[in-house]
Amino acid sequence: MKIKFAILGYGHIGKRHAELILQNPNAELVAIVDIDPFQQENALQLRVPLFTHLSEFLNANIKVDVVNICTPNGLHAHQAIECLENHKHVIIEKPIALTKEEALNVQRASIMNQKYAFPVVQNRYSPTIRWVKEVLEEEALGEIFMVQLNCFWNRDERYYVPGSWHGTLNLDGGPLYTQFSHFIDVLLWMFGNITNIHSKFMNFNHQYLTQFEDSGIISFDFKKQGSGILNYSTSIFGANFESSMTIIGAKGVIKIGGQYMNEIIYCNVDKLEIPSFENPTPVNNYGMYQGSAANHQFLINNVINVLNGIEESHVALEEGIRVVETIEHIYAGRIQKKTAEVTNEGFTLYN
Ligand SMILES: NC(=O)c1ccc[n+]([C@@H]2O[C@H](COP(=O)([O-])OP(=O)(O)OC[C@H]3O[C@@H](n4cnc5c(N)ncnc54)[C@H](O)[C@@H]3O)[C@@H](O)[C@H]2O)c1
């Protein structure tokens, strides 16, 4: 059965969702909802009904199976709940919510209305990341001693433009939600939950651009075994530098890197052959800056197959909730440490 999709939020990633749905023979695009007249004009070429508000779309009784929620982070949870309560499945862009409480409300609405809520975690489809996951499952690295995750990207005034949702606490939430939640998902997916979190936050060059810090050094223990550190920053000069993960195990070392952890940088593991991946993971390119790995087609296919009863969902909603909960724990330190000060420009400094 062809699955009918509507896109809520026709911005950067909403356009990618629409494109993939149009390309998929088992999918049909039935509507676009965006509050911005400029984006509605952009969507005219798609020749599907256009709506300004979600409620207006839901009241129009257009036949739709799935609503793809591609709006700013802080809107995801309540929009997802509105769709679920109107008996639509939802795909929720990352992060599914900005608090665990909101994420659990989404889960409750999903259960009550017996509709799926699919979180977007497309980096898991990257061949390099899948390979590391398999190596870990085979326990080829032995006991895990340490994991270091480095996320060093550039987000500057080209991205944090005045009036945008980017950089706001209530709609964006911070770099761990907007830029690096994929990598936190990968970390948890590979090594399980973390505990004993110690955080230090810095704001190097975003004092006049964002309502939150741009950098952090986070140390933690895995509940299962080993310890880890996450270093992140959006203060990198000029362009994204890298997202990398170094895994130190009793029987070997692996480092994956590149901008999206899409390359094997180093591998020295007992009796393990290093694979070569022919097709590097494509990237979502937004002109002035680059986003994440472009693997959304795998998610769309999985959603279609789940709704047609052909396969199980690759990612449970609980896994999206776990990412939100982890970031919330890490950021608990940020809230305690910030010393707010309103400047003449009206911005708040968090150093
Ligand atoms: N999975 C990924 O790799 C990936 C990549 C980029 C963005 N994202 C996520 O996707 C979401 C959108 O990001 P983006 O970069 O496309 O942002 P964007 O600003 O380009 O697009 C957001 C769109 O939502 C619309 N919108 C805002 N409020 C609305 C409302 N109440 N009703 C309807 N439409 C509304 C805006 O007009 C805009 O067109 C974010 O949550 C972001 O974290 C995920």
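The values are calculated or read from the model by the stated rules, or taken from the named source; none is laboratory data. Every value quoted in this text rests on a predicted model; they were computed, and no experiment measured them. All Cβ positions, glycine included, derive from the backbone under ideal geometry; neighbour counts span all protein chains shown.
Could you tell me which numbered condition GLY167 fails, if it satisfies all but one of (1) surrounded by fewer than 19 Cβ atoms within 10 Å (Cβ to Cβ); (2) in a loop (DSSP other than H, G, I, E, B)?
Of (1) surrounded by fewer than 19 Cβ atoms within 10 Å (Cβ to Cβ); (2) in a loop (DSSP other than H, G, I, E, B), only one is false for GLY167: (1).
Out of (1) in contact with a Leu (Cβ under 8 Å, 6 or more places away or on another chain); (2) assigned to a strand (DSSP E or B), what's the single condition that is false for ASN196?
(1)
Six or more apart or on different chains, Cβ under 7 Å: which pairs go from a residue in the range 199-218 that's on the phi > 0 side of the Ramachandran plot to one that's outside any strand (DSSP E or B) and buried (at least 19 other Cβ atoms within 10 Å of the Cβ)? Could you list them?
Listed by first residue and then by second, the contacts come to nothing, as the list is empty.
With the condition being of a type in the set (Val, Ile, Thr) and at pLDDT 90 or above, I'd like the strands (runs of 3 or more DSSP E) fully within the range 254-351 carrying at least 3 qualifying residues. Please lay out each step first, then the result.
Working: elements: 263-269, 283-285, 290-293.
The qualifying strands (runs of 3 or more DSSP E) are 263-269.
Please indicate, with yes or no, whether at least one residue in the range 132-155 is within 16 Å of the ligand (Cβ to nearest atom), among the polar types (S, T, N, Q), in a helix (DSSP H, G or I) and within 24 Å of ASN240 (Cβ to Cβ). It would help to see each step written out before you state the result.
Here is the first cut: in the range 132-155, the ones within 16 Å of the ligand (Cβ to nearest atom) are 151, 153-155.
Next cut, among the polar types (S, T, N, Q) only: 154.
Checking the rest, the ones that are also in a helix (DSSP H, G or I) come to none.
Within the range 132-155 (the criterion being within 16 Å of the ligand (Cβ to nearest atom), among the polar types (S, T, N, Q), in a helix (DSSP H, G or I) and within 24 Å of ASN240 (Cβ to Cβ)), the answer is no, since none of the residues qualifies.
Check the range 118-125 and report whether any residue there is polar (S, T, N, Q), touching a residue at least 12 places away in the same chain (Cβ under 8 Å) and closer than 17 Å to GLY228 by Cβ. First the steps, then the outcome.
Looking only at the range 118-125, we keep the residues that are polar (S, T, N, Q), and these are 122-123.
Keeping just the survivors that are touching a residue at least 12 places away in the same chain (Cβ under 8 Å) gives 122-123.
Subset that is closer than 17 Å to GLY228 by Cβ: none.
Within the range 118-125 (the criterion being polar (S, T, N, Q), touching a residue at least 12 places away in the same chain (Cβ under 8 Å) and closer than 17 Å to GLY228 by Cβ), the answer is no, since none of the residues qualifies.
When you look at GLN179, is it within 20 Å of GLY216 (Cβ to Cβ), outside the structural domain of GLN40 (by TED's automatic domain parsing), touching a residue at least 12 places away in the same chain (Cβ under 8 Å) and within 11 Å of the ligand (Cβ to nearest atom), yes or no? Explain how you work it out, then say what you get.
Values: within 20 Å of GLY216 (Cβ to Cβ): yes; outside the structural domain of GLN40 (by TED's automatic domain parsing): yes; touching a residue at least 12 places away in the same chain (Cβ under 8 Å): yes; within 11 Å of the ligand (Cβ to nearest atom): yes.
Spelling it out, GLN179 is indeed within 20 Å of GLY216 (Cβ to Cβ), outside the structural domain of GLN40 (by TED's automatic domain parsing), touching a residue at least 12 places away in the same chain (Cβ under 8 Å) and within 11 Å of the ligand (Cβ to nearest atom).
Here is a check on your reading of the model: is ILE21 under 28 Å from ILE321 (Cβ atoms) and modelled with pLDDT of 95 or more?
Numbers: under 28 Å from ILE321 (Cβ atoms): yes; modelled with pLDDT of 95 or more: yes.
When the stated conditions are applied, ILE21 passes them.
Say whether the condition of being more than 14 Å from the ligand (Cβ to nearest atom) and of a type in the set (Ser, Thr, Tyr) is met by at least one residue in the range 117-127. Walk me through how you get there before you give the answer.
From the range 117-127, those more than 14 Å from the ligand (Cβ to nearest atom) are 117, 127; that's our starting set.
Next, from what is left, pick out any that are of a type in the set (Ser, Thr, Tyr): none.
Scanning the range 117-127 turns up no residue that is more than 14 Å from the ligand (Cβ to nearest atom) and of a type in the set (Ser, Thr, Tyr).
If you scan the range 1-35, which residues turn out to be closer than 18 Å to PHE298 by Cα and within 8 Å of the ligand (Cβ to nearest atom)?
ILE13, GLY14, LYS15, ARG16
Working only within the range 227-236, note down all residues that are surrounded by fewer than 19 Cβ atoms within 10 Å (Cβ to Cβ) and either among the basic types (Lys, Arg) or under 12 Å from MET146 (Cα atoms) (or both).
Listed by number, the residues that qualify are SER227, ILE229.
Inside the range 69-111, can you point out the residues that are touching an Asp or Glu at 6+ places or on another chain (Cβ under 8 Å) and away from the ligand (no atom under 12 Å from the Cβ)?
LYS88, HIS89, THR99, LYS100, ALA103, GLN107, ALA109
Using the structure shown, decide if ARG124 is in contact with a Phe, Trp or Tyr (Cβ under 9 Å, 6 or more places away or on another chain), within 17 Å of ASN262 (Cβ to Cβ) and among the charged types (D, E, K, R).
Details: in contact with a Phe, Trp or Tyr (Cβ under 9 Å, 6 or more places away or on another chain): yes; within 17 Å of ASN262 (Cβ to Cβ): yes; among the charged types (D, E, K, R): yes.
When the stated conditions are applied, ARG124 passes them.
Evaluate the following for VAL161: is it surrounded by 17 or more Cβ atoms within 10 Å (Cβ to Cβ) and assigned by TED's automatic domain parsing to the domain that holds ILE264?
Values: surrounded by 17 or more Cβ atoms within 10 Å (Cβ to Cβ): no; assigned by TED's automatic domain parsing to the domain that holds ILE264: yes.
When the stated conditions are applied, VAL161 does not pass them.
Take the range 297-318 and flag every residue that is over 18 Å from HIS17 (Cβ atoms) and buried (at least 17 other Cβ atoms within 10 Å of the Cβ). Break it down into steps so the answer makes sense when it comes.
Applying the first criterion (over 18 Å from HIS17 (Cβ atoms)) to the range 297-318 yields 308-312, 316-318.
The answer is LEU317, and nothing else.
Scan the range 140-154 and tell me whether some residue there is exposed (fewer than 14 other Cβ atoms within 10 Å of the Cβ), at pLDDT 95 or above, over 18 Å from PRO72 (Cα atoms) and not β-branched (Val, Ile, Thr).
Of all residues in the range 140-154, those exposed (fewer than 14 other Cβ atoms within 10 Å of the Cβ) come to 142-143.
Subset that is at pLDDT 95 or above: 142-143.
The next check asks that each one be over 18 Å from PRO72 (Cα atoms); those that pass are 142-143.
Next cut, not β-branched (Val, Ile, Thr) only: 142-143.
There is at least one residue in the range 140-154 that is exposed (fewer than 14 other Cβ atoms within 10 Å of the Cβ), at pLDDT 95 or above, over 18 Å from PRO72 (Cα atoms) and not β-branched (Val, Ile, Thr).
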